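Working notes for the structure below.
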Amino acid sequence: MKGGSAVFVAVLVFLADQFSSAISLGKPRVPAIYIFGDSISDDGNNNGLNIDPRQAKANYPPYGVDLEAGPTGRFTNGKNFVDFIAEKLGLPLAPAYLSLGKEKRQKIATGLNYASGSAGILPETGSALGERVPLDKQIDHFQTTVEEDLLPQFSSKAAVQDHLGRSTIFIDIGGNDLLNNWIQQKPEYNRSKNYPRVPDYVHLLMETLQAQIKRIYDLGGRRFLVFGLAPIGCIPIVTHEGAPCEETWNSMAREFNNQLAPLTQRLQSRLHGSVFALGLTYDLILDFHRNPSRYGFKSVNQPCCVVNSTAPTLCVPGTAPCANRKEYLYYDMFHCTSKTAKIVAHSCFHRGPGSVCPPTAIKKLVSKH
């Protein structure tokens, strides 16, 4: 991004106001959003799981400090990335699947969130931390939604399939497969040791993800919004003491993105009636780091909240976060602030230079046909 970035951000703010008006008038652009992912998108699924609370739970203050409901399980101070995506689509925020009983689930037709902090594409990813909901299990929950929870709300199975075919399938996952699996090389992740070369390991992830997306398609999903990885080597766990971004980690993210793009193209060509919009946020977030003042950031390598010196990952429970949260790129050592998430989400729907999603694909994603 070059000199037009300031204008780009202003346009995003304008678009946010425009979409807020559309939402207030009750004009959803799609019937529902079904969300698959990790802590970037988790809004409470990990709350009741037996998992390391220092690394994979966010249902305590200072998380949620800027939400009326307080801490919900979102790994940030306010709304998260997919919340803003849902709003851009004119939809209410999708509740966490595991927070709802069957009776409540059978009354919701605007979408559900299956995402789980520390989860990955591979079933073993995140297992060193305890319970989590891997992508395969998230799709199991989606299958229950399709086969049991939606049917009472529609007149027939055909009506359910029509609903699913026009809904948005949101997928943002893969970072933990690199950070918490291949990089850490713990005993729980023995399979990754069979792939000493990053391209080969990422190929395994792509093969697995392809089968998982095909399963969602077979259940009725047709319109997919899939996101690649951010520059994972620039997160505060790496840079908070003044170190530069870890280029080895960033190169892994780029390899993931480079293989994800042709994967979505192949899937769209093979899966009849499907639409794939690929969101690549890498360059935009890297620009946040290189040119923070363009976006109003003053800190791009320090967490906004207090972190534990012995396990510096998530916020220390009950501590006060920074007062100037809109000036911080990151909220804790891994996750961005709500402001960051909002800019990135809005950029997906921006049609000019700097958009992280292809405008033609987004247009098809939200079309009525």
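The values are calculated or read from the model by the stated rules, or taken from the named source; none is laboratory data. The structure displayed is predicted, hence computed values, not measured ones. For neighbour counting, all protein chains shown are included, and Cβ atoms are generated from backbone atoms with ideal geometry for every residue, glycine included. Areas reflect the complete protein model, heavy atoms only, side chains present, ligands, DNA and RNA absent. Shrake-Rupley method; radii C 1.70, N 1.55, O 1.52, S 1.80 Å.
All of (1) out of contact with any Asp or Glu (no Cβ under 8 Å at 6 or more places or on another chain); (2) of a type in the set (A, V, I, L, M, F, W, C); (3) closer than 17 Å to residue 329 by Cβ hold for residue 275 with one exception: (3).
Please verify whether segment 187-201 includes one or more residues that are within 21 Å of residue 128 (Cβ to Cβ), open to solvent by 10 Å² or more (accessible area, probe 1.4 Å), of a type in the set (Asp, Glu) and not in a loop (DSSP other than H, G, I, E, B). Checking segment 187-201: at least one residue is within 21 Å of residue 128 (Cβ to Cβ), open to solvent by 10 Å² or more (accessible area, probe 1.4 Å), of a type in the set (Asp, Glu) and not in a loop (DSSP other than H, G, I, E, B).
The single condition from (1) assigned to a helix (DSSP H, G or I); (2) touching a strand residue (DSSP E or B) at 6+ places or on another chain (Cβ under 6 Å); (3) farther than 26 Å from residue 182 by Cα that residue 217 fails is (2).
Within this structure, residue 152 fails the test of being touching a helix residue (DSSP H, G or I) at 6+ places or on another chain (Cβ under 8 Å) and surrounded by fewer than 18 Cβ atoms within 10 Å (Cβ to Cβ). Taken over segment 314-369, the criterion of being aromatic (Phe, Trp, Tyr) and farther than 21 Å from residue 34 by Cβ is satisfied by 328, 330, 331, 334. Consider residue 139 carefully, then state whether it is among the aliphatic types (A, V, I, L, M), open to solvent by less than 10 Å² (accessible area, probe 1.4 Å) and more than 30 Å from residue 247 (Cβ to Cβ). So residue 139 passes the test.
Close Cβ contacts (under 6 Å, 6 or more residues apart or on different chains) running from residues in segment 83-94 that are farther than 16 Å from residue 367 by Cα to residues that are of a type in the set (S, T, N, Q) comprise 92/110; 94/113.
Please work out if residue 354 is buried (at least 17 other Cβ atoms within 10 Å of the Cβ), in a loop (DSSP other than H, G, I, E, B) and on the phi > 0 side of the Ramachandran plot. Against the criterion (buried (at least 17 other Cβ atoms within 10 Å of the Cβ), in a loop (DSSP other than H, G, I, E, B) and on the phi > 0 side of the Ramachandran plot), residue 354 qualifies. One residue stands out in segment 335-369 among those that are within 14 Å of residue 77 (Cβ to Cβ) and among the hydrophobic types (A, V, I, L, M, F, W, C): the one that is nearest to the chain's Cα centre (by Cα), namely 341. Scanning segment 76-103 for residues that are charged (D, E, K, R) and over 21 Å from residue 59 (Cα atoms) yields 87, 88, 102, 103.
Of the residues making up segment 220-253, those that are assigned to a helix (DSSP H, G or I) and under 17 Å from the mean Cα position of the chain (by Cα) are 232, 253. Which one of 79, 57 is under 24 Å from residue 329 (Cβ atoms), in contact with a strand residue (DSSP E or B) (Cβ under 7 Å, 6 or more places away or on another chain), among the basic types (Lys, Arg) and buried (at least 19 other Cβ atoms within 10 Å of the Cβ)? Step by step, each of 79, 57 is checked, and only 57 is under 24 Å from residue 329 (Cβ atoms), in contact with a strand residue (DSSP E or B) (Cβ under 7 Å, 6 or more places away or on another chain), among the basic types (Lys, Arg) and buried (at least 19 other Cβ atoms within 10 Å of the Cβ).
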